[in-house]
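To start, the structure under review is shown below, and the notes come after it.
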Amino acid sequence: MQMATSGDTRLHYIVSGPEDGMPVVFANSLGTDLRLWDKVLPLLPANLRILRFDKRGHGLSEVPPAPYSMGALISDTERLMDHVGFKNAVVVGLSIGGMIAQGLAAKRLDLVRALVLSNTGAKIGTRDMWQERIDAVTQGGMASVLDATMGRWFSKPFHATDEFPGWQQMFLRTPVDGWTGCAAAIAGTDFISSTSGLRLPTLAIAGSEDGSTPPDLVFETADLIPGVQKHLIRGAGHLPCVEAPEEFARVLSDFLIAQGA
């Protein structure tokens with residue numbers, strides 16, 4: 001098990017692939033851990049050096065007291081990349097992971113050669129909306145928002161699959177401080193101005209059935225970056241890497257190859 005210290009916490013991470021491979025960093029969504037990408041990774045080009053990690057409060061990483069700031073989450077990623085020697089990487093971020101990717105590119109362009117923004121936005125929801133969810137989880141635990149979250153995350157057909165209960169359990173096992181801490185970070189983030197200043201190759205991916213970050217939101221954010229490529233995965237919700245891994249991997253692979261993989 002690989003752990004690295006970042007400020008006030010320790011992060012769990014996994015590095016895989018050839019040492020001389022093109023560096024690619026994967027940043028997860030709220031309420032998931034680094035297993036989010038398990039179905040996609042085997043379908044990607046073999047010559048990638050891949051870094052996955054559990055953000056603070058998630059998976060096997062430590063759980064500092066909530067709330068967290070987006071700045072702290074970006075610094076965690078920055079320090080981890082420095083720790084493992086990743087620079088000039090393609091950063092793939094989903095949901096809050098996509099916000100982290102945007103902020104990292106604005107802060108440390110030496111670390112980021114290209115972005116993949118999946119099911120995310122420069123600004124997601126409102127402070128009041130997030131505070132309602134934070135209050136619910138603080139008072140009633142993760143189960144209090146489970147059904148609503150699963151409804152936003154996954155298409156209706158996916159709810160009937162054998163895989164669906166596992167994602168419910170992953171969400172339920174997210175520490176309350178981890179979830180509310182990261183939710184507070186999302187609530188306080190508006191990257192519209194900084195993202196509109198980015199000038200680097202970018203791919204945006206959306207799911208047609210996404211109830212958390214609908215395609216319009218994803219592509220409005222994408223359009224802030226000149227020359228962005230956009231792809232809609234039909235029939236998939238907020239986690240298309242789970243519901244449609246083959247299509248997600250194909251689109252991602254084409255982009256990675258274009259970046260030199």
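Read-outs throughout are calculated quantities, based only on the coordinates presented, and are distinct from any laboratory measurement. Predicted model, so just to flag it, every value in this text is computed and none were measured. Reconstructed Cβ throughout: ideal geometry from the backbone, glycine too, with neighbour counts over all protein chains shown.
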(message) Could you give each residue of the range 176-189 its phi-based ³J(HN,Hα) in whole Hz, using Karplus coefficients 6.51, -1.76, 1.60 with θ = phi - 60°, and x for Gly or Pro?
(response) 4, 5, x, 5, 5, x, 6, 4, 5, 5, 4, 4, x, 10
(request) With runs of 4+ DSSP H residues as the only contributors, calculate the mean residue ellipticity of the chain at 222 nm using -39,500 (n - 2.57) per run, divided by the residue total and rounded to the nearest 500. (result) -11000 deg cm²/dmol
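Let a ≥ b ≥ c be the square roots of the eigenvalues of the Cα gyration tensor of the range 126-253; is it rounded (a/c under 1.5), or, if not, prolate (a/b larger than b/c) or oblate?
Oblate, since a/c reaches 1.5 and b/c is not below a/b.
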(request) Among 3, 59, 258, flag the residue with its Cα farthest along the positive direction of the charge dipole of the chain, charges on Cβ as +1 for Lys/Arg and -1 for Asp/Glu. (result) 258
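Give the percent of DSSP beta bridges with both residues in the chain that are antiparallel, rounded to the nearest 5.
Values: 9 of 33 bridges.
Around 25 percent antiparallel, to the nearest 5.
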(message) Just to check I understand the Karplus step: with θ = phi - 60° and J = 6.51 cos²θ - 1.76 cosθ + 1.60, what whole-Hz values come out for the range 248-256, glycine and proline as x?
(response) 4, 5, 5, 5, 5, 4, 4, 5, 5
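What's the long-distance tail for the range 38-180, i.e. % of Cα pairs beyond 24 Å? Walk me through the numbers before you get to the answer.
Values: 3913 of 10153 pairs.
For the range 38-180, the share of Cα pairs beyond 24 Å comes to 39 percent.
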(message) Whole-Hz ³J(HN,Hα) for each residue in the range 32-42, computed from phi via Karplus 6.51 cos²θ - 1.76 cosθ + 1.60 with θ = phi - 60°, x for glycine and proline: what do you get?
(response) 10, 10, 5, 6, 3, 9, 4, 7, 8, 4, x
(request) Taking DSSP loops as anything outside H, G, I, E and B, show the longest stretch in the chain free of GluC sites (Glu not before Pro) there with at most 15 other beta carbons within 10 Å. (result) 20-162
(message) Among the listed pairs 55/107; 55/123; 39/156; 39/87, which have their C-alpha atoms separated by more than 22 angstrom in this model?
(response) 39/87
(request) Amide H neighbours of residue 116 under 5 Å, at least 5 residues apart or on other chains, H built in the peptide plane: list them. (result) 91, 92, 93, 203
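Express the relative contact order of the range 2-258 as a whole percentage, based on alpha carbon pairs under 8 Å and six or more residues apart in sequence. Spell out each step's value before the answer.
Numbers: 544 pairs, mean separation 57.2, N = 257.
Here the relative contact order equals 22 percent.
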(request) Could you work out the local net charge near residue 124, counting Lys and Arg as +1, Asp and Glu as -1, over the other residues with Cβ closer than 15 Å to its Cβ? (result) -2
(message) Shape verdict for the range 82-129, please, from the Cα gyration tensor: rounded (a/c under 1.5), prolate (a/b greater than b/c) or oblate.
(response) prolate
(message) Check which residues have an amide H placed less than 5 Å from residue 30's amide H, if you skip close sequence neighbours.
(response) 96, 97
